[in-house]
Amino acid sequence: MSAPLQGKVALVAGATRGAGRGIAVELGAAGATVYVTGRSTRARRSEYDRPETLEDTADLVTEAGGQGIAVPTDHLDPAQVATLIGRVDDEQGRLDVLVNDIWGGEKLFEWDTPMWEHDLDNGLRLLRLAVETHAITSHHALPLLLRHPGGLVIEMTDGTADYNTAHYRVSYFYDLAKTSVLRMGFALGHELGPRGATAVTLTPGWMRSEIMLEGFGVREDNWRDALAQVPHFAISETPRFVGRAVAALAADPEVHRFNGRSLSSGGLAQEYGFTDLDGSRPDAWRYIVEVQDPDRPADTTGYR
């Protein structure tokens, strides 16, 4: 089927850029109607102060074959989220897929800084943006999602449950945020499973987001130039790769077998057979464990 999600309605919360944009576009390519939310619009930028806009994401969804609908929303404001879900209900009468990808913490965490030296206001703001937003969104969206059997909730994080359980991630606040989201997917699996819906947690690998590419001084068309700085960047993937993982999950009639589990883009590529835009299947978390963390020479043979 060229449009396996035709007639399905998705909400990608936090879709202005990065994984959220990649996910929204791939859901659109599968035929879905996709509501995309965020705070950066053509009229006003968020504190990220970046050029990507919510309207651009919606246009990309429509160009891919779906219907993209941009709804500027601050997911820390329950009233705005309630209004968003009310609009989805009024216009569609259903919600089949909820992707909680809200993050907003790129400028707030401090690498390898002990929590007592980390800026407290930034740390608490990070937790609110990365955790509280997900809870607010799910609280308002899940009654609509549960109206029809087979709904899917995807909590986006960084790192698998196995990896994050065994490894300290960046800083106290970052570690707490990403691990909390893993537990959200686990807990929602217990609450949604008996009610006919599925919840999972999903992580991309080392993703070539707009911010990541800019940080290395490269573009998507010459990203390999960054390997001179960071050789293990060779395992990286586009945001569309995790988007294809989401689209595959949403189209799978047996998706409930993953309920409550922690999943990765690379792992799901092996499960479903999809590839990244270049035709490869980067398995970043296996590579990180077996090559990067043991400080072995960068070599993606057998990993993409």
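The values are calculated or read from the model by the stated rules, or taken from the named source; none is laboratory data. Owing to the predicted nature of the structure, the values given are computational and were not obtained by experimental measurement. Positions of Cβ are backbone-derived with ideal geometry, glycine not excepted, and every protein chain shown enters the neighbour counts.
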Filter the range 96-123 down to the residues that are over 18 Å from the mean Cα position of the chain (by Cα) and surrounded by 14 or more Cβ atoms within 10 Å (Cβ to Cβ) and list them by number. Leu108, Phe109, Glu110, Thr113, His118, Asp119, Asn122, Gly123
Is it true that some residue in the range 9-25 is buried (at least 24 other Cβ atoms within 10 Å of the Cβ), touching a residue at least 24 places away in the same chain (Cβ under 8 Å), of a type outside the set (A, V, I, L, M, F, W, C) and more than 18 Å from Ile211 (Cα to Cα)? no
Go through (1) modelled with pLDDT under 95; (2) in contact with a helix residue (DSSP H, G or I) (Cβ under 9 Å, 6 or more places away or on another chain); (3) charged (D, E, K, R) for Asp112 and report which single condition fails. (2)
Please find, within the range 40-81, the residue that is surrounded by the fewest Cβ atoms within 10 Å (Cβ to Cβ) out of those that are free of Cβ contacts under 8 Å to residues at least 40 places away in the same chain and among the basic types (Lys, Arg). Arg44
Determine whether Ala269 is at pLDDT 95 or above, of a type in the set (Gly, Ala, Ser) and over 20 Å from Ala24 (Cβ atoms). no
If you check Gly104 against the conditions, is it at pLDDT below 95 and either among the aliphatic types (A, V, I, L, M) or within 19 Å of Ser138 (Cα to Cα) (or both)? yes
Residue selected from the range 189-209 under the condition surrounded by fewer than 15 Cβ atoms within 10 Å (Cβ to Cβ) and touching a residue at least 12 places away in the same chain (Cβ under 8 Å), by the criterion nearest to Ala135 (Cα to Cα): His190
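Do we have any residue at all in the range 30-41 that's at pLDDT below 95, of a type outside the set (S, T, N, Q) and more than 23 Å from Pro143 (Cβ to Cβ)?
Residues of the range 30-41 that are at pLDDT below 95, as a first pass: 39-41.
Still in the list and also of a type outside the set (S, T, N, Q): 39.
Pick out the ones that are also more than 23 Å from Pro143 (Cβ to Cβ) and you get 39.
Checking the range 30-41: at least one residue is at pLDDT below 95, of a type outside the set (S, T, N, Q) and more than 23 Å from Pro143 (Cβ to Cβ).
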Among Leu176, Leu152, Leu144, Leu127, the single one that is among the hydrophobic types (A, V, I, L, M, F, W, C) and crowded, with 23+ Cβ neighbours inside 10 Å is Leu152
Residue match in the range 73-95 (condition: among the acidic types (Asp, Glu), farther than 19 Å from Gly243 by Cβ and at pLDDT below 95): no
Between a residue in the range 253-267 that is assigned to a loop (DSSP other than H, G, I, E, B) and any residue that is among the hydroxyl-bearing types (Ser, Thr, Tyr) and buried (at least 16 other Cβ atoms within 10 Å of the Cβ), which pairs come within a Cβ distance under 9 Å, given they are 6 or more apart or on different chains? Asn259/Thr198; Gly260/Thr198; Gly260/Thr201; Arg261/Thr201
First in the range 268-295 and surrounded by 20 or more Cβ atoms within 10 Å (Cβ to Cβ) and among the hydrophobic types (A, V, I, L, M, F, W, C), second anywhere and assigned to a loop (DSSP other than H, G, I, E, B) and modelled with pLDDT of 95 or more, Cβ under 6 Å, 6 or more apart: Ala269/Arg281; Ala284/Gly205; Ala284/Trp206; Trp285/Thr160
Which residue, of Thr165, Thr157, Thr133, is at pLDDT 95 or above, exposed (fewer than 14 other Cβ atoms within 10 Å of the Cβ) and β-branched (Val, Ile, Thr)? Thr165
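Residues that are part of a loop (DSSP other than H, G, I, E, B) and of a type outside the set (Ser, Thr, Tyr): does the range 220-238 have at least one?
Checking the range 220-238: at least one residue is part of a loop (DSSP other than H, G, I, E, B) and of a type outside the set (Ser, Thr, Tyr).
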